[in-house]
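Working notes for the structure below.
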Amino acid sequence: MTAAPPAPAATLVTGIGQLVTNDPERGAGPLGLLRDAAVVLEGDRVAWVGPAATAPPADARFDAEGRAGLPGFVDSHAHLVFAGDRTEEFAARMSGRPYRAGGIRTTVAATRAASDAELEAGLRRFLAEALRQGTTTVECKSGYGLTTADEERALRIAARHADETTYLGAHVVPPEYAEDPAGYVDLVTGPMLDACAPHARWVDVFCERGAFDGDQARAVLTAGAARGLGLRVHANQLGPGPGVRLAVELGAASADHCTHLDDADVAALADSETVATLLPGAEFSTRSRYPDARRLLDAGAAVALSPDCNPGSSFTSSMPFCVALAVREMGMTPDEAVHAATAGGARALRRTDVGVLRPGARADLQLLDAPSHVHLAYRPGVPLTAAVWRAGVRAV
Ligand code: NIG
Ligand code: FE
């Protein structure tokens, strides 16, 4: 056992030219914007947020020199426990071949063949990559093992490093069950669930043509709920379908993708607590049409953004990239996109301690080499991350 690192003393981060708090009681508008702001980080928590001129003293002082600050990004949708890559599939797609759910099986074969150490090293690499780009909270799914033992180990490994873990045994029907999909659903809702539930907070299902239909998805979700897991759904990614409505009906925390929605889907989301989590990296990397965030926001739905990092449909861990896409391609304003990448992700994970800067929140703060959070969209592709604290520890 290695000793836990000592809790850092109180640090005053001051000279923040413009700070997104996501706390409308603390600053202006939905982003709770403050100018010339400061934050005191104490242990792993935020101790104080306000105007720099009235900041209390602290043991250490960090001068942001006018940089913009915001909460660490909250990534509520990632598939990071896998082996192998699908470069050739991507290249073929860019020559015109369409994306299909079945590509997942390529990664399943490589993941089953990998050692625990290889899977863990890969996961840590992607978490570090995300952290370098400002992401301080990550949800991580299983879904590339698809046997009881392989799903259990994926979640056991994920639970060591990720903030939130999700059981996705129902990602696709594996080849050995090709002739017996009902038998696979029995496994996912029976012995595999028993083995995986202790390592997971959430259950997810890929409800899509080529993966699981509405009835199968309902069986997976209700079985998970009966084991105390919260619900998330991969819904309406590749075409219209029952996923979004099912997510809302069952009270899922999040319906993810939401690319192909009809008016009833939008109305259902708007009238619910289910967050529409949009994953524009997938549309970018499959050269598909983007979800219409504007339509969802105008209807009153809650929206989150995530890179959907996975080796098939979206091999990026970059939240700034998604913010830029959401603004350019999905009708979001820069403020809405930054809110969706922070507070939106927290809401999709039903977390009140991240995605916000207020006393008592986890001390997850990032500074940008820019005067405003708007630069995340205004300067696409530029590495703006200047400093990151996660749980009070300086990580970048
Ligand atoms: O979120 N849609 C299902 N799962 C992933 C893709 C997984 C893969 O292609 O390997 C997604 O896009
Ligand atoms: Fe996904």
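The values are calculated or read from the model by the stated rules, or taken from the named source; none is laboratory data. Everything numeric in this text was worked out from a predicted model, so none of it was measured. Cβ atoms come from the backbone with ideal geometry, glycine included; neighbour counts cover every protein chain shown.
Could you tell me which residue of region 168-183 is surrounded by the most Cβ atoms within 10 Å (Cβ to Cβ), considering only residues that are in a loop (DSSP other than H, G, I, E, B) and in contact (Cβ under 8 Å) with a residue 60 or more places away in the chain?
Pass one, region 168-183, residues in a loop (DSSP other than H, G, I, E, B): 171-174, 178-180.
Now narrow it down to the ones that are in contact (Cβ under 8 Å) with a residue 60 or more places away in the chain: 171-172, 174.
Working: His171: 27, Val172: 23, Pro174: 19.
The residue in question is His171.
Mind checking whether some residue in region 333-351 is modelled with pLDDT of 95 or more, farther than 30 Å from Ala268 by Cα and of a type in the set (Lys, Arg)?
Looking through region 333-351, none of the residues is modelled with pLDDT of 95 or more, farther than 30 Å from Ala268 by Cα and of a type in the set (Lys, Arg).
Would you check if Ala276 is free of Cβ contacts under 8 Å to residues at least 24 places away in the same chain, in a strand (DSSP E or B) and within 21 Å of Ala299 (Cβ to Cβ)? So that I can check it myself, show each step before the final result.
Values: free of Cβ contacts under 8 Å to residues at least 24 places away in the same chain: no; in a strand (DSSP E or B): yes; within 21 Å of Ala299 (Cβ to Cβ): yes.
Spelling it out, it is not the case that Ala276 is free of Cβ contacts under 8 Å to residues at least 24 places away in the same chain, in a strand (DSSP E or B) and within 21 Å of Ala299 (Cβ to Cβ).
In the set Gly239, Gly251, which member is small (Gly, Ala, Ser) and within 16 Å of ligand 1 (Cβ to nearest atom)? Quick ask: steps written out before the conclusion?
On the way: Gly251 fails: within 16 Å of ligand 1 (Cβ to nearest atom).
Of the residues listed, the single one that is small (Gly, Ala, Ser) and within 16 Å of ligand 1 (Cβ to nearest atom) is Gly239.
Go through region 254-287 residue by residue and tally those that are buried (at least 18 other Cβ atoms within 10 Å of the Cβ) and within 15 Å of ligand 1 (Cβ to nearest atom).
Adding up the residues that qualify gives 18.
Can you find a residue in region 17-25 that is in contact with an Asp or Glu (Cβ under 8 Å, 6 or more places away or on another chain), farther than 30 Å from Glu152 by Cβ, part of a strand (DSSP E or B) and not charged (D, E, K, R)? So that I can check it myself, show each step before the final result.
Within region 17-25, the first condition is being in contact with an Asp or Glu (Cβ under 8 Å, 6 or more places away or on another chain), and the residues that meet it are 17.
When the remaining residues are screened for being farther than 30 Å from Glu152 by Cβ, the result is 17.
Pick out the ones that are also part of a strand (DSSP E or B) and you get 17.
Narrowing further to those that are not charged (D, E, K, R): 17.
Yes, region 17-25 has at least one match.
Which of the following residues is away from ligand 1 (no atom under 16 Å from the Cβ) and either in contact with a strand residue (DSSP E or B) (Cβ under 7 Å, 6 or more places away or on another chain) or under 23 Å from Arg394 (Cα atoms) (or both): Arg347, Arg328? Can you show your working first?
On the way: Arg328 fails: either in contact with a strand residue (DSSP E or B) (Cβ under 7 Å, 6 or more places away or on another chain) or under 23 Å from Arg394 (Cα atoms) (or both).
The match here is Arg347.
Checking Gly96 against (1) modelled with pLDDT under 95; (2) in contact with a helix residue (DSSP H, G or I) (Cβ under 9 Å, 6 or more places away or on another chain): exactly one of these is not met. Which one?
(2)
Taking interchain pairs and intrachain pairs at least six residues apart, which have beta carbon atoms under 6 angstrom, with the first residue in region 204-229 and away from ligand 1 (no atom under 16 Å from the Cβ) and hydrophobic (A, V, I, L, M, F, W, C) and the second modelled with pLDDT of 95 or more and not in a loop (DSSP other than H, G, I, E, B)?
Short answer, once both residue conditions are applied: Ala219/Val185; Ala219/Thr189; Ala223/Thr189; Ala223/Leu193; Leu229/Trp202; Leu229/Val203.
Does Ser314 satisfy being more than 24 Å from Thr135 (Cα to Cα) and within 12 Å of ligand 1 (Cβ to nearest atom)? Explain how you work it out, then say what you get.
Working: more than 24 Å from Thr135 (Cα to Cα): no; within 12 Å of ligand 1 (Cβ to nearest atom): yes.
Against the criterion (more than 24 Å from Thr135 (Cα to Cα) and within 12 Å of ligand 1 (Cβ to nearest atom)), Ser314 does not qualify.
Restricting region 212-224 to residues that are touching a helix residue (DSSP H, G or I) at 6+ places or on another chain (Cβ under 7 Å) and surrounded by fewer than 24 Cβ atoms within 10 Å (Cβ to Cβ), which is farthest from Ala235 (Cα to Cα)?
Ala223
Taking Ala92, is it closer than 29 Å to Leu367 by Cβ and over 23 Å from the mean Cα position of the chain (by Cα)? Before you say what the answer is, go through the steps one by one.
Details: closer than 29 Å to Leu367 by Cβ: no; over 23 Å from the mean Cα position of the chain (by Cα): yes.
Considered against the rule, which asks whether it is closer than 29 Å to Leu367 by Cβ and over 23 Å from the mean Cα position of the chain (by Cα), Ala92 comes out as no.
Any residue that is surrounded by 22 or more Cβ atoms within 10 Å (Cβ to Cβ), in contact with a Pro (Cβ under 7 Å, 6 or more places away or on another chain) and within 23 Å of Gly251 (Cα to Cα) - is there at least one of those in region 227-235?
The initial filter retains those residues of region 227-235 that are surrounded by 22 or more Cβ atoms within 10 Å (Cβ to Cβ), namely 231-235.
Checking the rest, the ones that are also in contact with a Pro (Cβ under 7 Å, 6 or more places away or on another chain) come to none.
Looking through region 227-235, none of the residues is surrounded by 22 or more Cβ atoms within 10 Å (Cβ to Cβ), in contact with a Pro (Cβ under 7 Å, 6 or more places away or on another chain) and within 23 Å of Gly251 (Cα to Cα).
Which residue pairs have Cβ atoms under 6 Å apart, sit 6 or more places apart or on different chains, and have a first residue in region 48-77 that is of a type in the set (Ser, Thr, Tyr) and a second that is outside any strand (DSSP E or B)?
Going by the 6 Å Cβ cut-off, the qualifying pairs are Ser76/Ser306; Ser76/Gly345; Ser76/Ala348; Ser76/Leu349.
Would you check if there is a residue in region 237-246 being part of a loop (DSSP other than H, G, I, E, B), surrounded by 20 or more Cβ atoms within 10 Å (Cβ to Cβ) and within 14 Å of ligand 2 (Cβ to nearest atom)?
Scanning region 237-246, I find at least one residue that is part of a loop (DSSP other than H, G, I, E, B), surrounded by 20 or more Cβ atoms within 10 Å (Cβ to Cβ) and within 14 Å of ligand 2 (Cβ to nearest atom), so the answer is yes.
Looking at Arg201, Arg124, can you tell me which residue is more than 16 Å from ligand 2 (Cβ to nearest atom), at pLDDT 95 or above and in contact with an Asp or Glu (Cβ under 8 Å, 6 or more places away or on another chain)?
On the way: Arg124 fails: in contact with an Asp or Glu (Cβ under 8 Å, 6 or more places away or on another chain).
Of the residues listed, the single one that is more than 16 Å from ligand 2 (Cβ to nearest atom), at pLDDT 95 or above and in contact with an Asp or Glu (Cβ under 8 Å, 6 or more places away or on another chain) is Arg201.
Which one of Ser314, Ser318, Ser288, Ser306 is free of Cβ contacts under 8 Å to residues at least 40 places away in the same chain and assigned by TED's automatic domain parsing to the domain that holds Gly230?
Values: Ser318 fails: free of Cβ contacts under 8 Å to residues at least 40 places away in the same chain; Ser288 fails: free of Cβ contacts under 8 Å to residues at least 40 places away in the same chain; Ser306 fails: free of Cβ contacts under 8 Å to residues at least 40 places away in the same chain.
It is Ser314.
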